[in-house]
1. Give me the pairs, please: first residue somewhere in the range 72-99 and over 17 Å from MET249 (Cβ atoms) and open to solvent by 40 Å² or more (accessible area, probe 1.4 Å), second residue anywhere and away from ligand 1 (no atom under 16 Å from the Cβ) and assigned to a helix (DSSP H, G or I), beta-carbon distance under 8 Å, and either six or more positions apart or on two chains.
2. Can you tell me which of ALA238, ALA219, ALA207, ALA243 is in contact (Cβ under 8 Å) with a residue 40 or more places away in the chain and surrounded by fewer than 22 Cβ atoms within 10 Å (Cβ to Cβ)?
3. Can you name the number of the only condition in (1) of a type in the set (Gly, Ala, Ser); (2) within 16 Å of ligand 3 (Cβ to nearest atom); (3) at positive phi that GLY26 fails?
4. Checking the structure you have, find out if any residue of the range 222-231 is of a type in the set (D, E, K, R) and open to solvent by less than 30 Å² (accessible area, probe 1.4 Å).
5. Among SER260, SER149, which is more than 16 Å from ligand 1 (Cβ to nearest atom) and open to solvent by less than 30 Å² (accessible area, probe 1.4 Å)?
6. Could you check, for the range 169-177, whether at least one of its residues is within 17 Å of the chain's Cα centre (by Cα), within 16 Å of ligand 1 (Cβ to nearest atom), closer than 20 Å to VAL84 by Cβ and open to solvent by 20 Å² or more (accessible area, probe 1.4 Å)?
7. Looking at (1) touching an Asp or Glu at 6+ places or on another chain (Cβ under 9 Å); (2) under 15 Å from ILE188 (Cβ atoms), which one does GLU216 not meet, given that it meets all the others?
8. Based on this model, can you work out whether ALA56 counts as over 19 Å from ARG153 (Cβ atoms), in contact (Cβ under 8 Å) with a residue 12 or more places away in the chain, more than 16 Å from ligand 3 (Cβ to nearest atom) and surrounded by 15 or more Cβ atoms within 10 Å (Cβ to Cβ)?
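The values are calculated or read from the model by the stated rules, or taken from the named source; none is laboratory data. These figures come from a predicted structure and were not determined experimentally. Neighbour counts are summed over all protein chains in view; Cβ atoms, including those assigned to glycine, are modelled from backbone coordinates with ideal geometry. Quick note on the areas: whole protein, heavy atoms, side chains included, nothing else; ligands and nucleic acids left out. Shrake-Rupley method; radii C 1.70, N 1.55, O 1.52, S 1.80 Å.
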Amino acid sequence: MRIRVLGSAAGGGFPQWNCGCPNCRGARAGTLRAAPRTQESVAVAADGDDWILLNASPEIRQQIESFEGLHPRAPRHSPISAIVLTNGDLDHVLGLLSVRESHPLVLYATERVRQGFTEDNVLYRTLQRFPEQVTWRPLKLGREEALTSGDGRPSGLSVEAVPVPGKAPIHLEHRAGGRLAPDPEDNIGLRIRETATGRRLAYFPAAGGVTPAVREALADADCVFFDGTFWSSDELPAQGLGAKRAVDMAHLPVGGADGSLAALRGLRAARRVYIHVNNTNPLLRDDSAERKETEAAGWVVAWDGMEIAL
Ligand code: MLT
Ligand code: MN
Ligand code: ZN
């Protein structure tokens, strides 16, 4: 299996347009050892030329152009055979509205995420210009699905959706008078298996906690991508950037006694990668103490353009 990181930052990217935090200022000024990053999205492929996108970031156009494997090979063509969504947050779905040039799309998502994106969304009409423009393939929790293109061509990969603590996207929080009950289909992790080799990627870019189901889903993976949004729970308020703590946003911090680094100690995966890294996170700095601690525990921090061959 080939894995190509198209974007590795959390929503807003790095640096973020309206952010003057020390990381964002230092990245702009070139005074920090910290590479700019676009918003999280990853492409995966078995041995063929077709790619599956995991999430559709607002920077999808630039991300496609950045990687030759995703370039068209005919006057009207895309090697992207399907897109899998892990939740309905705008940093994961806005890109769908940027691939509207009358190209058939195959989208894998839970029914909940499909509804959240399509219902009461007039902009979605731009993807409904002809009946077969979008084919939704529902992901059911705990059921493995073959990933196939619009014409049913197998990709050589399958996916299983795993419920992960998370929350509805911010733009849907008002539904049911702000009392929209959380649903296990709001946020999922992906277990992607290559049919020919049995190799497994566990892709969990947003996780509010490590439940027994999450732990089990990661246990046999050869490669794990995990939520690297925040290093600490009060990272935003501590920098004067609002009141939201990591827990309010359903992101388990990486550091600390209760963080994911400690909770996921002992994973067998040879490759362990933090992704969806927020611009405030000290992990973005190549020479930070937090980065050293993370790398000493066998994890790496994703960067745009990173490739893994499993
Ligand atoms: C998140 O990861 O929590 C969301 O992307 C936040 C947001 O939508 O701004
Ligand atoms: Mn996000
Ligand atoms: Zn910032």
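1. Here the result reads SER98/ARG61, each pair linking the range 72-99 to a residue that is away from ligand 1 (no atom under 16 Å from the Cβ) and assigned to a helix (DSSP H, G or I).
2. Values: ALA238 fails: in contact (Cβ under 8 Å) with a residue 40 or more places away in the chain; ALA207 fails: surrounded by fewer than 22 Cβ atoms within 10 Å (Cβ to Cβ); ALA243 fails: in contact (Cβ under 8 Å) with a residue 40 or more places away in the chain.
Result of the check over ALA238, ALA219, ALA207, ALA243: ALA219.
3. Condition (3) is where GLY26 drops out.
4. Taking the range 222-231 as the starting set, the residues that turn out to be of a type in the set (D, E, K, R) are 222, 227.
In the following step, the residues that additionally are open to solvent by less than 30 Å² (accessible area, probe 1.4 Å) were identified as 227.
Yes, the range 222-231 has at least one match.
5. Details: SER260 fails: more than 16 Å from ligand 1 (Cβ to nearest atom).
Matching residue, one of SER260, SER149: SER149.
6. Pass one, the range 169-177, residues within 17 Å of the chain's Cα centre (by Cα): 169-170.
Remaining after also requiring within 16 Å of ligand 1 (Cβ to nearest atom): 169-170.
Then keep just the ones that are closer than 20 Å to VAL84 by Cβ; that gives 169.
Checking which are open to solvent by 20 Å² or more (accessible area, probe 1.4 Å) leaves us with none.
Within the range 169-177, none of the residues are within 17 Å of the chain's Cα centre (by Cα), within 16 Å of ligand 1 (Cβ to nearest atom), closer than 20 Å to VAL84 by Cβ and open to solvent by 20 Å² or more (accessible area, probe 1.4 Å).
7. (1)
8. Details: over 19 Å from ARG153 (Cβ atoms): yes; in contact (Cβ under 8 Å) with a residue 12 or more places away in the chain: yes; more than 16 Å from ligand 3 (Cβ to nearest atom): yes; surrounded by 15 or more Cβ atoms within 10 Å (Cβ to Cβ): yes.
Yes: the conditions hold for ALA56.
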